[in-house]
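The values are calculated or read from the model by the stated rules, or taken from the named source; none is laboratory data. Since the structure is predicted, the reported quantities are computational estimates derived from the model, not experimental observations. Cβ placement follows ideal geometry from the backbone for every residue including glycine, while neighbour counts extend to all protein chains displayed.
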Amino acid sequence: MSNDDGLDRATSKDFGSLRGALTFLAPYKLQVVVASLALIVTAGVTLSMGQGMRIVIDRGFSEGSSEMLAQSLMVFTGLVVLLTVGTFVRFYYVSWVGERVSADIRLAVFNHLIRLHPGFFEKNSPTEIQSRITTDTTLLQTVIGSSVSIALRNMLMFVGGLILLFVTNVKLSLIVLASVPLVVLPLIAFGRRVRSLSRTSQDRLATVGTQVGESLRQIKIVQAFNHETEDERLFAERVESAFSVSVRRVAQRAWLVGAVMLLVFGAIAVMLWVGGQDVLSGNTSAGELAAFIFYAFIVAGSVGAISEVYADLQRAAGATERLVELLRAPNELPVEQPATVLSVDAPCRLEVQDVKFAYPLRPDMPVLQGLSFVLEPGEMVALVGTSGAGKSTLFDLLQRFYDPSSGSIALDGHELTQVDLNSLRSRIGFVPQDPVLFAGTLRDNLAYADPQASELDLRRALQLSNAAEFVDALPQGLDTPLAEAGVGLSGGQRQRLAIARALVGSPKVLLLDEATSALDAQSESRIRESILGLKGSCSMLVIAHRLSTVREADRIMVLADGVIQGMGTHNELMADNELYAHFARIQFADGATPETPVDSAAS
C-alpha cells in the first residue's frame, strides 16, 4: 500500500509475493499430499520407461529374445496403466485445489473489503477492485490448478532425467550439463521483463473494465449527451493500450521459449553426434544411446515446459501482489477494545461536541468547523443550510463512515470510537437523498437491514412510507424482482422503498437526507405525516428543504460553511436569524406554498 492509501502499482521483484497465495493451501494439506504423491508416481513411471527402452533394445532386439520382448511389453503396459491412473488423480486433485484456493481468496478479499472505511473506495476505483477479485483470482486458479503442477512435474523430470543421464553415460551428460547456464541466463533475463509486463497488462485490463462498468451503469447519461462516439474512442484507446502491453509480454515470452528450445536442442544435437560416434566405435550400446536420447529429450522438454510455466508464474506473482495489497489495506476506523455493545433498550442520546472535519482527499478544505449540539431521545431536529454547508457530511460522521478531525461524537455517553460498529449502525436508520436499491426482490431490499424481519414488520414499514399501494399493485407483490439500482421503478417509488427499508429495523435514530425530494406533493404529504407520527418513538435528524416539514421539528439548525448559524423553532429563527428568514422569503416570493423547498439548491 502506498502512503496515501492508494493501491501501489509497483511490480514484484521475485516470486516472494506468491507466498500470499500459498498460505491459502494450508487447510487442504491432504489434497496437496495426494496430488504430490500422484505427481511423484507419474514422474517416476515416465522416467522408468527409458530403462525399459534400453532393455528392449539391448536384450529384445539386439539379442533376438522374443520372450524378453514380450515381458518388456507387459511391463510397459502395466506402467502405462499406472501412469494413466496417476495422471487422473494428479489432475483432479490439483485442479480441485486450484478452484478451492481461488474461491477462498475471493472470499477473503471481499470479506476484508466489505468492512473497510468508505474513504478507501474514494481513493481506489471499485470497478478496478472488482477486476482484481475476478480476473486476478481466475489467473491464480489457472496457475495453482495447472501451471504449478506442470512446473513441479517437470522439475522432477528434469532432476530425475539428469541423474539417469549420468547413470547411463557420464561423458554425454557433461555435454548436456554444460548447456544449463546457457538456458538459465535467458530465463532470468527475459523472466524479469515478462513479470513487469504481466503486472502492467493486468493494470491496463482493469482500466478497460472500469470504463465498461461506468459507461453501462450510466447508459442514459451517455446517450442523453450523445457521448457514444467519444466513449467508443476512449474505450478503443484503452483496449489498444492493453493489447500493446500484452503483445510485448507475449513477444518477450516467445523469445524466452524460443531461445531456451534452441539452446537445449542444440546441445542434444551435439550429444547425438558424440553418442553416435561412441556406438559406432563400440564404446556404448544402442540401447544405452536410445535411453540416453530418451532422457535427454525428457530433460529438454522439462526445461522448455518450465520456461513456459515460468512466465505464467511471473503473471501469477503480479496477480497475487495485487490481491495481497487489497488484503493488507488497513481499516482507518478501528474500534477501541473491548468494544461497547449498546443496549437494545438504550434511549440513544446523541451528543456532538466541537466537531471539526475535512475529507482526507481535501485536508485543507474544512467541511465542519466546531459543530456542537445534542439530539435528545425522541426529539426531531431539522437541518437547513446552503449547498455544501456540511449537512450530509454530518450524517456520514454520525454513522461513523469517517472519524472527526477533532472533537467527539457520543451515543448514550459512549464515544463512537468505542462502540461496536454493528451495534452502532443497527440503532440508526438512514434514508439517502439518492435512493439505492440492489438487484433482487422487493422483499430482499426491504429486509436489507434485518433479514429476520417478519411479514408484519415489512407491511408496517410499507404503510409508514406510503409504498404499500404501489407494491400491492405489482403482479408479484413483495416477490417482484428488481434490476440493479431499481431500474424500472420511478424515482418516487425507489425513494419510498428506501424509507420503508430504513423503518423495518425500528431504528432509535432516523437520519433523513432530503428523503421526500423525489416524491409528488400528495406522497410527500403522506410520508411527512408518517414521519411526524414517529415523533417520540425515535430521534430524528432531517435534512429537509420544505417549510412544511421544517416547521414541525422540535428544533431547526441552520448551517452555513460548516458552522451552526442559528438554532431554534421556525418562529424564533424567522425573527432572529437572517439566513433562515432569507430562505423563507425566497419560498414565498412568488406565492409559494409551504411545500416549496427552503433551499432547493441545498444538499
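Among the residues of segment 449-459, how many are surrounded by fewer than 17 Cβ atoms within 10 Å (Cβ to Cβ) and in contact (Cβ under 8 Å) with a residue 40 or more places away in the chain?
The qualifying residues number 1.
So in segment 368-386, with the set limited to residues that are surrounded by fewer than 22 Cβ atoms within 10 Å (Cβ to Cβ) and more than 24 Å from Ile531 (Cα to Cα), which one is nearest to the chain's Cα centre (by Cα)?
Gln369
Taking into account only those residues within segment 66-84 that are surrounded by 14 or more Cβ atoms within 10 Å (Cβ to Cβ) and modelled with pLDDT of 85 or more, which is nearest to Ala21 (Cα to Cα)?
Filtering first and then ranking leaves Leu83.
Being hydrophobic (A, V, I, L, M, F, W, C), assigned to a helix (DSSP H, G or I), in the same structural domain as Ile175 (by TED's automatic domain parsing) and touching a Leu at 6+ places or on another chain (Cβ under 7 Å) is true for just one of Leu289, Leu272, Leu280, Leu263. Which residue is that?
On inspection, the qualifying residue turns out to be Leu263.
Residues that are of a type in the set (Gly, Ala, Ser) and modelled with pLDDT of 75 or more, at least 2 per element: which helices (runs of 4 or more DSSP H) completely within segment 525-603 meet that?
Of the helices (runs of 4 or more DSSP H) lying wholly inside segment 525-603, those with at least 2 residues that are of a type in the set (Gly, Ala, Ser) and modelled with pLDDT of 75 or more span 578-588.
Touching a residue at least 60 places away in the same chain (Cβ under 8 Å), assigned by TED's automatic domain parsing to the domain that holds Val299 and more than 22 Å from Arg204 (Cβ to Cβ): is that true of Phe120 in this structure?
Against the criterion (touching a residue at least 60 places away in the same chain (Cβ under 8 Å), assigned by TED's automatic domain parsing to the domain that holds Val299 and more than 22 Å from Arg204 (Cβ to Cβ)), Phe120 qualifies.
Please verify whether Ala468 is without any contact (Cβ under 8 Å) to a residue 12 or more places away in the chain, assigned by TED's automatic domain parsing to the domain that holds Lys508 and hydrophobic (A, V, I, L, M, F, W, C), treating the condition exactly as stated.
Yes; evaluated as a whole, the condition is true for this residue.
Taking segment 330-358 on its own, how many of its residues are surrounded by 21 or more Cβ atoms within 10 Å (Cβ to Cβ) and within 27 Å of the chain's Cα centre (by Cα)?
The total comes to 0.
Quick test for you: out of Glu351, Glu336, pick the one residue that is farther than 19 Å from Glu122 by Cβ and assigned to a loop (DSSP other than H, G, I, E, B).
Only one candidate passes the filter, namely Glu336.
With the structure loaded, tell me whether Phe395 is touching a residue at least 12 places away in the same chain (Cβ under 8 Å), assigned to a strand (DSSP E or B) and either within 25 Å of Glu524 (Cβ to Cβ) or in contact with a Leu (Cβ under 7 Å, 6 or more places away or on another chain) (or both) or whether it fails that test.
Criteria not met by Phe395.
Find all pairs meeting these conditions: Cβ atoms under 7 angstrom apart; at least six residues apart or on different chains; first residue within segment 77-99 and assigned to a helix (DSSP H, G or I); second residue of a type in the set (Phe, Trp, Tyr).
Every condition considered, the pairs that remain are Val97/Tyr28.
How many residues are loosely packed, with under 14 Cβ neighbours inside 10 Å and among the charged types (D, E, K, R) if we restrict to segment 233-262?
3
Here are Ile144, Ile163: which of them is surrounded by fewer than 19 Cβ atoms within 10 Å (Cβ to Cβ), in a helix (DSSP H, G or I) and modelled with pLDDT of 75 or more?
Ile163
What residue, of Val344, Val352, Val419, Val431, is closer than 30 Å to Tyr580 by Cβ and either outside the structural domain of Thr569 (by TED's automatic domain parsing) or out of contact with any helix residue (DSSP H, G or I) (no Cβ under 7 Å at 6 or more places or on another chain) (or both)?
Checking each option against the conditions leaves just Val352.
Identify all residues within segment 208-263 that are more than 25 Å from the chain's Cα centre (by Cα) and aromatic (Phe, Trp, Tyr); write none if there are none.
Within segment 208-263, Phe225, Trp255 qualify.
Among residues belonging to segment 123-136 that are in contact (Cβ under 8 Å) with a residue 40 or more places away in the chain and polar (S, T, N, Q), point out the one that is surrounded by the most Cβ atoms within 10 Å (Cβ to Cβ).
Once the filter is applied, the top-ranked residue is Ser131.
All but one of (1) surrounded by 13 or more Cβ atoms within 10 Å (Cβ to Cβ); (2) modelled with pLDDT of 75 or more hold for Thr207, so report the exception by its number.
So the condition that Thr207 fails would be (2).
Restricting attention to segment 79-102, does a residue exist that is under 30 Å from Pro334 (Cα atoms) and assigned by TED's automatic domain parsing to the domain that holds Ser36?
Looking through segment 79-102, at least one residue is under 30 Å from Pro334 (Cα atoms) and assigned by TED's automatic domain parsing to the domain that holds Ser36.
Return yes when Arg528 is assigned by TED's automatic domain parsing to the domain that holds Leu394, out of contact with any Gly (no Cβ under 6 Å at 6 or more places or on another chain), buried (at least 17 other Cβ atoms within 10 Å of the Cβ) and under 26 Å from Gln369 (Cα atoms) and no when it is not.
No: the conditions fail for Arg528.
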